[in-house]
Amino acid sequence: MYGKGASYILFSNNLSKDRIEEYIPPKMGCTTDYMEIYLTEGKSAGSHVEKARYDFQAIYKLRGKVDNVYDVAIGDMSKMKIIEDLSRIIGLVPGKRGNIIPDRILALTDADPDGMFIRASIVSIMACAFPQVIEEGRLYMVEPPLFAFKDSGKKVFVSTNREYLTYLQKE
């Protein structure tokens, strides 16, 4: 199923020295070989995903601004905490090919400029440190709605200012 030692890190994440901070493994008792990991913008978004996730989904809560690694050498990049954590979670050594553990890596950020920057940084990290993830089509961007509001007791989600203004004009 997963590489040697991967289940220890990916499914237990106990309080030992091997623990990855802000990583929530798939739920105990998960019996599927399929796995997804959400890379979320901060603790708040990660907590919401944690409440609504399936057994096979793991969560890694990104903290603070993610550094741009585009011009950083692999050796220097490997020393960065986020690269070190992602390397352990994904199962790849930066710059090398191997067996990727999660079937999908989903970036979930806010629909604001900070969220867009974090998404771009995640793509940059994957392209520079873990290009195999992109080559195999395992990186996905989750597009959150820009606005959410209630209309006649029903929740409505819209993704653009144009959709929002069009909706308001209908009333």
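The values are calculated or read from the model by the stated rules, or taken from the named source; none is laboratory data. On a predicted model such as this, the values are computed, not experimentally measured, just so you know. All Cβ positions, glycine included, derive from the backbone under ideal geometry; neighbour counts span all protein chains shown. Quick note on the areas: whole protein, heavy atoms, side chains included, nothing else; ligands and nucleic acids left out. Shrake-Rupley method; radii C 1.70, N 1.55, O 1.52, S 1.80 Å.
For segment 111-120, filtering for residues that are of a type outside the set (A, V, I, L, M) and either open to solvent by less than 40 Å² (accessible area, probe 1.4 Å) or touching a helix residue (DSSP H, G or I) at 6+ places or on another chain (Cβ under 7 Å) (or both) leaves 2.
If a residue has to be assigned to a strand (DSSP E or B) and open to solvent by 20 Å² or more (accessible area, probe 1.4 Å) to count, how many in segment 93-109 make the cut? Of the residues in that region, 2 qualify. The conditions of being over 12 Å from the mean Cα position of the chain (by Cα), closer than 13 Å to ILE125 by Cα and either outside any helix (DSSP H, G or I) or modelled with pLDDT under 90 (or both) are not met by PRO26.
Within segment 136-169, take every residue that is in a loop (DSSP other than H, G, I, E, B) and touching a residue at least 12 places away in the same chain (Cβ under 8 Å) and give me the one that is nearest to ARG104 (Cα to Cα). Here the answer is ARG138. Looking at PRO145, is it in contact with a Phe, Trp or Tyr (Cβ under 9 Å, 6 or more places away or on another chain) and open to solvent by 40 Å² or more (accessible area, probe 1.4 Å)? For PRO145, the condition - in contact with a Phe, Trp or Tyr (Cβ under 9 Å, 6 or more places away or on another chain) and open to solvent by 40 Å² or more (accessible area, probe 1.4 Å) - is met. Name the residue that is farthest from VAL49 (Cα to Cα), counting only residues in segment 148-170 that are open to solvent by less than 80 Å² (accessible area, probe 1.4 Å) and of a type in the set (Phe, Trp, Tyr). This residue is TYR167.
Restricting attention to segment 7-23, which residues are modelled with pLDDT under 70 and crowded, with 16+ Cβ neighbours inside 10 Å? ILE9, LEU10, PHE11, ASN13, listed by residue number. Of all residues in segment 39-92, those that are over 18 Å from SER124 (Cα atoms), assigned to a loop (DSSP other than H, G, I, E, B) and open to solvent by less than 20 Å² (accessible area, probe 1.4 Å) total 0.
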